[in-house]
Amino acid sequence: MSRAATRPLRLGIRANLAQFSLLVGVNALVGGMVGQERTVVPLLATRIFHLQAFSAALSFIVVFGATKALTNLFAGTLSDRLGRKPVLVAGWLVGLPVPLLVIWAPSWGWVVAANVLLGINQGLTWSTTVIMKIDLAGPKRRGLAMGLNEAAGYGAVAATALATGFIAQHAGLRPEPFFLGLGYAGLGLGLSALVVRETKGHAQLEATTHRPASGGLGQGLSAGRVFVLTSFRERALSACSQAGLVNNLNDGMAWGLFPLLYADRGLSVAAIGTLAAIYPAVWGFGQLLTGALSDRLGRKWLIAGGMLVQAGGIAIIAGVTGFGPWAAGSVLLGVGTAMVYPTLLAAIGDVAHPSWRASAVGVYRLWRDGGYALGAILAGVLADTFGLTAAVGAIAALTAASGLVVAVRMDETHRRTPGRAEPPTGHNLTPSRATPANGHVPAHQPPVEPTSDRPGEGAGLA
């Protein structure tokens, strides 16, 4: 039996550093699969396939978002039932043909079909890498874990968008920009199948000491109950779901309309690629700070404030003209998204019981990535009816409204308790009587004073 197979399971990023770092790298490859399309595909729609209506040009984002959203739901449920690794490997298998379909596409329908597969690929792989990092990190550093995960993914989106813009400027829109995607898919499949290890046992370990934040949030919930709680009933979960939806609604608009807006104002493909990269670059690398920051300051106000900052960035892009002002708006949009993105996932992990956490993440990501489809449809219709600038401005107003919803509806999900440490192994764990075993004191429950002087009880495990 291998040493890895006999080693006791431990929670925490440091205790699982090798696998955690590997999963960060795998998620960078997942992000690169989306990044290959951020600059080039909207231009393919208008310059190669000569689509005139904005709603038609954005159809690939509609099918991508709808497919990814539904796949997220099944990915979470399947991960709880079958394990994380099989779902991850299946996602990479589905993603392999995506670059080839775009390269060989004789009609726009092929590009749309490729994005059905890309949506499935992203739903399975990104959902699973999120769940696996939550499993490994444990409750104490969940925000940092999500920051690292999303920074890797969206850093790769930015780098690939920038690279494909320059490649397309010098070599054309096809096929060379999509060679990167072929490399990402092959490497991601190989690492996931051969090197990544299953993490479901870590979730089971955490479940032995987890206490639900409130009644009705314990283990043993049905899939339907998890859906209702995450979507509508539980205040924090439902507030996060709507914020995630609007976040990706404006991202779908940015993906589809911003390159067309910049091209309409006369920017080169390379300049469009640079602008397309600034926003996800700031978003991606900003999460290295904001994910950990949410572990210190809490989740709610980073989310609410981030949505308002996003709205400001989008409004600037709608209201100005020129590379410099557009770059400034893109930076602001990236900062706001960095405040929101890992914090939403961490908040879901705070509230959901480990036994149904993957399913809750799947429901949240159903709503969040459904925003891509809704955003593409709404932005396309508004742009066809009122013009590009009005469409972008309307999305800015909707984003601001979402931030206000979070401010009013969401309860804080993460309050640190001094002295609490991670449970080290799964063999002699007893939940602390002073705090919930997830290491947080929910906003609506008062802390309980320690009632034992025994080590490992009351003040937490040392």
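Just so you know, all these numbers are worked out from the coordinates, no wet-lab data involved. Computed from a prediction, not measured in an experiment: that's the story for all the values here. Glycine gets a Cβ as well: all are built from the backbone with ideal geometry, and neighbour counts include every protein chain shown.
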How much length would be gained if the chain were fully extended between Trp104 and Phe49, taking 0.36 nm per residue of separation minus their Cα-Cα distance, in nm to one decimal? 18.5 nm
Could I have the simple spin-label model distance between Val320 and His170, label points 7 Å from Cα toward Cβ, reported in nm to one decimal? 3.0
FRET efficiency, Val195 to Leu82 (Cβ-Cβ, R0 22 Å, nearest 0.05): 0.70
At 0.36 nm per residue, minus the direct Cα-Cα distance, what do Leu93 and Thr385 gain on full extension? Give it in nm, one decimal, please. 101.1 nm
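Work out, step by step, the length gained on full extension between Ser222 and Ala401: first 0.36 nm times the residue separation, then minus their alpha carbon distance; give nm to one decimal.
61.2 nm
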Can you compute the modelled spin-label distance between Val408 and Ser268, with each label point 7 Å from Cα toward Cβ, in nm? 4.9
Kirkwood Rh and Cα Rg combined as Rg over Rh, evaluated for segment 14-130: 1.04
Binned Cα-Cα distance frequencies in segment 318-412 - 10 Å width, integer %: 13, 36, 34, 15, 3, 0
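Size of the dipole of segment 269-416 about the Cα centre, Lys and Arg at +1 and Asp and Glu at -1 on the beta carbon, nothing else charged, in debye to 20?
380
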Over all directions, average the projected area of the Cα convex hull of the chain and note it in nm². 20.3
With a/c under 1.5 counting as rounded, go ahead and sort segment 330-376 into rounded, prolate or oblate using the C-alpha gyration tensor (a ≥ b ≥ c being the square roots of the eigenvalues; past the cut-off, prolate if a/b is larger than b/c, else oblate). oblate
Within the chain, how many Lys pairs that are eight or more residues apart, or on different chains, come under 20 Å at the alpha-carbon? 7
Binned Cα-Cα distance frequencies in segment 152-302 - 5 Å width, integer %: 2, 7, 9, 13, 15, 14, 14, 11, 7, 5, 3, 1, 0
Note down the Stokes-Einstein diffusion coefficient of segment 123-167 in µm²/s, whole number, using a Kirkwood radius over alpha carbon pairs, 37 °C, and 0.692 mPa s. 284
So how do 294-302, 361-369 stack up, highest first, on mean other-Cβ count within 10 Å? 361-369, 294-302
What whole number of Å gives the distance from the Cα centroid of segment 375-399 to the Cα centroid of segment 19-78? 20
Using the charge dipole of segment 150-275 (Lys, Arg: +1 at Cβ; Asp, Glu: -1 at Cβ; taken about the Cα centre), state which of Ser192, Gln204, Tyr262 has its Cα farthest towards the positive end. Gln204
Using the count of nearby Cβ atoms within 10 Å as a rough guide to exposure, how do Arg7, Arg409 rank from fewest to most? Arg7, Arg409
